[in-house]
Amino acid sequence: MLDLARSHSVEPLMLPALGREISPLDDLVSLARMGHARARAKIVRDLRSFFRDRRTLAVAAVGRARLAEAKHLVEAMCGDESRADAEAVALTLEQLGARAASPDRGRPAQDFAP
């Protein structure tokens with residue numbers, strides 16, 4: 001696109017702060033927050049993944065997208081470090097309004113960004 005602009009005597013002003021990096025997880029969360037059914041289903045499906053890291057990312061996505069329909073799946077992971085990262089589970093349950101058993105419960109809520 002830069003070549004096209006320059007070929008028409010237009011010198012674009014580059015503003016890196018307005019740029020956007022590609023982030024499939026952020027895009028999925030954004031779609032889910034807007035109610036996109038397939039995005040919501042993908043996040044819920046990833047909670048059942050064979051891979052722990054994928055389940056942990058899905059747990060974080062559930063919290064960020066505020067997917068109440070997945071709360072019971074995240075609650076089932078509470079206390080089982082082999083299923084997902086305990087801190088991500090606790091934070092997601094906090095974001096969903098559930099009380100999670102966590103030693104750092106006093107810290108302010110924040111989005112979990114792996």
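The values are calculated or read from the model by the stated rules, or taken from the named source; none is laboratory data. The shown structure was predicted, so the numbers you read here are calculated from the model rather than taken from an experiment. No Cβ is skipped: glycine too gets one built from the backbone with ideal geometry, and neighbour counts run over all protein chains shown.
Considering only segment 4-52, state which residues are outside any helix (DSSP H, G or I) and in contact (Cβ under 8 Å) with a residue 12 or more places away in the chain.
Residues satisfying the conditions are Leu47, Arg48.
Please go through segment 53-83 and pick out each residue that is farther than 19 Å from Arg40 by Cα, at pLDDT 95 or above and small (Gly, Ala, Ser).
Ser82
Residues to consider are Ala41, Ala37, Ala32; find the one that is within 19 Å of Leu93 (Cβ to Cβ), among the aliphatic types (A, V, I, L, M) and out of contact with any Pro (no Cβ under 8 Å at 6 or more places or on another chain).
Within the list Ala41, Ala37, Ala32, the selection yields Ala32.
Which condition number does Leu31 fail, the rest of (1) under 19 Å from Thr56 (Cβ atoms); (2) touching a helix residue (DSSP H, G or I) at 6+ places or on another chain (Cβ under 6 Å) being met?
So the condition that Leu31 fails would be (1).
For segment 41-86, give me each residue that is within 20 Å of Asp27 (Cβ to Cβ) and of a type in the set (Lys, Arg).
Lys42, Arg45, Arg54, Arg55, Arg64, Arg66
Being assigned to a loop (DSSP other than H, G, I, E, B) and closer than 21 Å to Glu94 by Cα is the requirement here; does Arg55 meet it?
Here the answer is no, as Arg55 does not meet what is asked.
I'm checking my understanding of the structure. Among residues of segment 42-61 that are surrounded by fewer than 14 Cβ atoms within 10 Å (Cβ to Cβ) and either aromatic (Phe, Trp, Tyr) or touching a helix residue (DSSP H, G or I) at 6+ places or on another chain (Cβ under 9 Å) (or both), which one is nearest to Glu75 (Cα to Cα)?
Arg48
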